[in-house]
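Colleague: Following this message is one structure expressed as structure tokens.
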Amino acid sequence: MPGREHLTRVIGRGDIVLVPFPFTDLSATKRRPALVLWADPAGVDFVLAFVSSQRILGGHVGAVSLLPTHPEFSLTGLAAPSTVRTTKLVTLSATLLRRRLGRLGPLLTADLDRALVAGLGINTGPYREDGRRDERARLAALHAAGGSPALLADLGPAARAR
């Protein structure tokens with residue numbers, strides 16, 4: 001496939017690739033780096049976030065700064081300080097990926113995850129509460145199966161009401 005000669009490894013989440021990123025009105029594209037957020041298991045389509053070397057003044061919800069002073073910046077393969085915009089997303093075919101530049105390390109990936117939650121307005125409250133409820137139920141079951149009285153004390157009033 002033309003343009004894919006530089007893609008010698010499987011592309012996945014966290015990789016930074018060079019693509020023709022479309023303008024929001026689809027009037028044109030500009031060749032630029034983008035961050036892979038999701039890769040189709042078959043390797044056909046990719047969800048990408050816009051990467052820009054333009055400074056975002058005053059900060060921007062959902063932005064991740066990629067700065068040369070960050071210990072993982074050298075992994076990105078970027079030549080200049082950049083910003084990932086998690087609110088500027090596109091799905092592109094693998095045939096449009098020109099080459100892999102680098103990838104995010106684990107610290108920047110954690111920053112990305114937080115930025116996606118903030119930028120896309122994802123409410124994580126229900127998931128946290130479900131997790132707490134599930135953990136209380138698990139610990140109460142452990143106690144019912146002969147766990148120590150201290151275990152029940154750690155569960156609080158919700159467990160004692162059962």
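None of the figures in this text is laboratory data; all of them are computed from the coordinates on show. Computed from a predicted structure; not experimentally measured. Cβ placement follows ideal geometry from the backbone for every residue including glycine, while neighbour counts extend to all protein chains displayed.
Colleague: If you take the beta carbon distance between residue 113 and residue 28 as r and set R0 to 35 Å, what does 1/(1 + (r/R0)^6) give as a FRET efficiency, to the nearest 0.05?
Modeller: The formula returns an efficiency of 0.65 here.
Colleague: Hey, fewest Cβ within 10 Å first, where do 96, 142, 35, 89 land in order?
Modeller: Final ranking by Cβ density, sparse to dense: 142, 89, 96, 35.
Colleague: How do 127-135, 103-111 rank on mean C-beta neighbours within 10 Å, highest first?
Modeller: 103-111, 127-135
Colleague: While we're on this one: Got a sec? How would 21, 46 order by Cβ neighbour count within 10 Å, fewest to most?
Modeller: Taking fewest neighbouring Cβ atoms as first place, the list is 21, 46.
Colleague: Here is a further query. Just for the Cα atoms in region 15-119, what are the lengths along the principal axes, largest first, rounded to whole Å?
Modeller: 33, 27, 27
Colleague: Suppose R0 equals 30 Å; then what is the FRET efficiency for residue 135 and residue 38 from their Cβ-Cβ distance, rounded to the nearest 0.05?
Modeller: 0.55
Colleague: Next up: Express the relative contact order of region 23-145 as a whole percentage, based on alpha carbon pairs under 8 Å and six or more residues apart in sequence.
Modeller: 24
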